[in-house]
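Trainee: Below: one structure in structure tokens.
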Amino acid sequence: MDVHVSLAGPGDRATRIHRQLLEAILDGRLRPGERLPPTRELARRLDVSRNTVAVAYERLTAEGLLTARVGAGTFVADEPVARARPRPAPAGGVRPRAFWASAEPAPTAAPRPGHDFRAGTPDTGLFPLATWRRLVAGELRTATIRGGYADPAGHRGLRSAVARYVGLARAVLAGPDDVVVTHGAQQALDLIARVMLEPGDRVAVEDPGYPPARWLFAGHGARVVPVPVDDEGIDVRALPGDARLVYVTPSHQFPLGVRMSPARRAALLDWAATRDAVIVEDDYDTEFRFSARPLDPLQTLDRAGKVVYVGTFSKTLLPMLRLGFLVAPASLRPALLAARQLTDWHGDHTTQAALARFIDSGELARHIRKATRVYAERRDLIDAALRSDLAGWLDPVPSTAGLHLCARLRPDAGVDLPTVVARAAEAGVTVREIAGYQAGPPGPAGLVLGYGAVATADVPGGLRLLARGFRG
């Protein structure tokens with residue numbers, strides 16, 4: 001690897017070269033066993049004598065940081081005498097906007113607990129990895145390398161496959177030109193915010209609701225207003241009259257799990273049409289259905305071009321694939337494509353082409369059927385426990401789809417829920433409170449129980465430990 005060496009700074013040239021190489025070794029830029037450029041080559045690049053470079057190398061060798069191998073070259077010592085240390089951060093520096101000054105990325109590598117009831121996490125063991133590996137390898141074998149950039153809307157074959165898929169599975173009205181492929185639902189929300197929101201615009205979100213969506217809109221400078229959710233979905237009467245955008249999860253409200261009623265759907269569409277507002281419909285996990293006929297999505301019912309439909313493959317396949325999509329009204333598509341082009345231009349067409357084949361070959365439908373059977377068994381175990389071992393403390397919230405169930409704390413439970421959650425965590429059970437998803441005034445207390453990441457065999461034991469936490 002080429003090593004950049006600056007001749008700026010105090011001391012003679014050999015001292016400056018020595019100092020820069022020393023810092024590169026100590027802060028880990030030059031790793032143990034890495035080969036340095038020959039003295040003749042580095043001297044030529046720096047326009048100094050070869051002897052000057054040789055003096056610097058000899059000092060580092062004497063200090064135990066470099067080793068010379070006859071006929072091979074000069075290498076960083078396998079076990080340098082000094083341990084690598086991080087480079088100190090400069091004092092001061094530029095500062096982010098106030099919102100981002102306190103923002104931190106969510107942890108992504110937390111140790112997996114023994115009984116993981118976190119919501120929104122699929123079972124990675126169900127993913128058909130061998131099939132996926134074969135499809136990706138096939139695309140790489142037959143790929144044509146082109147100059148230039150690709151379509152910001154995404155791979156044409158995938159857009160066609162997605163349009164057919166959501167048309168059949170969810171009754172969404174879309175053709176290939178209506179679809180924009182994204183890096184998951186989160187990028188879809190980001191693109192919508194970029195083209196719809198001015199700083200200070202008001203955005204209405206469900207409360208309780210999906211925190212990353214709330215944070216994203218706030219990060220764009222919007223004034224985010226939490227709106228209560230009841231057993232029929234978001235309370236349309238509580239929407240702020242000047243809201244520019246409303247974010248909802250009507251098919252399987254996150255995290256309560258309720259479906260937005262037909263009356264609320266009609267009221268929300270009427271509200272948006274009269275106020276020239278956009279509705280963002282996030283349909284994140286309703287592929288997994290266990291009972292009841294699904295209601296038509298808002299996008300299908302929309303006659304005024306106010307709904308942007310957002311979907312993701314993070315729940316059906318793997319979050320790490322970062323594949324999602326949006327279906328937008330024609331009036332928004334040019335702006336959305338321009339925003340996509342200006343942010344990251346386009347995604348990985350090899351992965352997108354593989355997913356298109358995965359859908360068109362029927363592999364996605366087969367995977368969903370298999371996963372639904374597994375998730376249904378886990379869901380039934382949780383539902384049974386909520387009606388037996390946990391019945392004295394929790395009331396289940398009716399839900400017919402998705403990867404989690406929600407249960408409200410009974411008014412007569414007589415327990416402190418944070419204490420129960422802490423006891424469960426000590427026993428190896430991870431579960432979250434509804435309060436963790438709320439932004440407005442506290443609502444009814446309760447728990448959100450995901451069944452995507454916990455093995456079926458571990459569900460009963462985890463629920464027994466949770467019940468033990470209630471008993472104290």
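The values are calculated or read from the model by the stated rules, or taken from the named source; none is laboratory data. Worth saying up front: this structure is predicted, and the values here are computed from it rather than measured. All Cβ positions, even for glycine, are placed from backbone atoms using ideal geometry, and neighbour counts span all protein chains on display. In case anyone asks, the SASA skips ligands and DNA or RNA and just uses the protein heavy atoms, side chains included. Shrake-Rupley method; radii C 1.70, N 1.55, O 1.52, S 1.80 Å.
Trainee: So in the range 139-164, with the set limited to residues that are hydroxyl-bearing (S, T, Y) and open to solvent by 30 Å² or more (accessible area, probe 1.4 Å), which one is modelled with the lowest pLDDT?
Mentor: Within the range 139-164, the first condition is being hydroxyl-bearing (S, T, Y), and the residues that meet it are 142, 144, 149, 160.
Next cut, open to solvent by 30 Å² or more (accessible area, probe 1.4 Å) only: 142, 144, 149.
Details: T142: 80, T144: 69, Y149: 85.
Selected residue: T144.
Trainee: Output the residues belonging to the range 387-410 that are among the small types (G, A, S) and open to solvent by 20 Å² or more (accessible area, probe 1.4 Å).
Mentor: Listed by number, the residues that qualify are S388, A391, G392.
Trainee: Run down A413, A384 and say which single residue is aliphatic (A, V, I, L, M), modelled with pLDDT under 95 and either touching a Phe, Trp or Tyr at 6+ places or on another chain (Cβ under 8 Å) or open to solvent by 10 Å² or more (accessible area, probe 1.4 Å) (or both). First the steps, then the outcome.
Mentor: Values: A384 fails: modelled with pLDDT under 95.
Result: A413 is the single residue among A413, A384 that is aliphatic (A, V, I, L, M), modelled with pLDDT under 95 and either touching a Phe, Trp or Tyr at 6+ places or on another chain (Cβ under 8 Å) or open to solvent by 10 Å² or more (accessible area, probe 1.4 Å) (or both).
Trainee: Next up: Out of the residues in the range 315-359 meeting the condition of being touching a strand residue (DSSP E or B) at 6+ places or on another chain (Cβ under 7 Å) and among the small types (G, A, S), tell me which one is surrounded by the most Cβ atoms within 10 Å (Cβ to Cβ).
Mentor: A328
Trainee: List every residue pair whose Cβ atoms sit under 7 Å apart, with the two residues 6 or more apart in sequence or on different chains, where the first one lies in the range 54-72 and is of a type outside the set (S, T, N, Q) and the second, anywhere, is in a helix (DSSP H, G or I) and surrounded by fewer than 16 Cβ atoms within 10 Å (Cβ to Cβ).
Mentor: Final answer for the pair search is A68/T61.
Trainee: Okay, next question. Do we have L189 as touching a strand residue (DSSP E or B) at 6+ places or on another chain (Cβ under 8 Å), within 21 Å of A106 (Cα to Cα) and open to solvent by less than 30 Å² (accessible area, probe 1.4 Å) here?
Mentor: Judged against the criteria, L189 is a match.
Trainee: So, one more: Do we find a residue being in a loop (DSSP other than H, G, I, E, B), closer than 21 Å to I192 by Cα and within 22 Å of the chain's Cα centre (by Cα) anywhere in the range 288-303?
Mentor: Within the range 288-303 (the criterion being in a loop (DSSP other than H, G, I, E, B), closer than 21 Å to I192 by Cα and within 22 Å of the chain's Cα centre (by Cα)), the answer is no, since none of the residues qualifies.
Trainee: Filter the range 199-217 down to the residues that are touching a residue at least 40 places away in the same chain (Cβ under 8 Å), more than 24 Å from H404 (Cα to Cα) and open to solvent by 30 Å² or more (accessible area, probe 1.4 Å) and list them by number.
Mentor: D201, R202
Trainee: Right, another one. Which residue pairs have Cβ atoms closer than 7 Å, lie 6 or more positions apart in sequence or on different chains, and pair a first residue in the range 243-271 that is over 19 Å from A193 (Cβ atoms) and in a helix (DSSP H, G or I) with a second residue that is open to solvent by less than 20 Å² (accessible area, probe 1.4 Å) and not aliphatic (A, V, I, L, M)?
Mentor: Short answer, once both residue conditions are applied: R264/G233; R265/P250.
Trainee: Based on what the data block shows, is A422 of a type outside the set (S, T, N, Q), over 23 Å from G125 (Cβ atoms) and surrounded by fewer than 17 Cβ atoms within 10 Å (Cβ to Cβ)?
Mentor: On the way: of a type outside the set (S, T, N, Q): yes; over 23 Å from G125 (Cβ atoms): yes; surrounded by fewer than 17 Cβ atoms within 10 Å (Cβ to Cβ): yes.
Judged against the criteria, A422 is a match.
Trainee: A follow-up question, please. Among the residues of the range 12-38, write down those that are open to solvent by 30 Å² or more (accessible area, probe 1.4 Å), out of contact with any strand residue (DSSP E or B) (no Cβ under 7 Å at 6 or more places or on another chain) and under 25 Å from D78 (Cβ atoms).
Mentor: Across the range 12-38, the qualifying residues are R19, Q20, L22, E23, D27, G28, R29.
Trainee: Just give me the residues in the range 39-57 being open to solvent by 30 Å² or more (accessible area, probe 1.4 Å) and of a type in the set (G, A, S), in sequence order.
Mentor: S49
Trainee: Also: What are the pairs, 6+ residues apart or on separate chains, where a residue within the range 290-305 that is over 14 Å from T249 (Cα atoms) has its Cβ under 7 Å from a residue that is open to solvent by 60 Å² or more (accessible area, probe 1.4 Å)?
Mentor: What qualifies is T300/L173; G305/S331.
Trainee: Scan the range 122-138 residue by residue and report those that are farther than 30 Å from A457 by Cα and open to solvent by less than 30 Å² (accessible area, probe 1.4 Å). Full working, then the answer.
Mentor: Filtering the range 122-138 down to residues farther than 30 Å from A457 by Cα leaves 134-138.
Passing the criteria: L135, G138.
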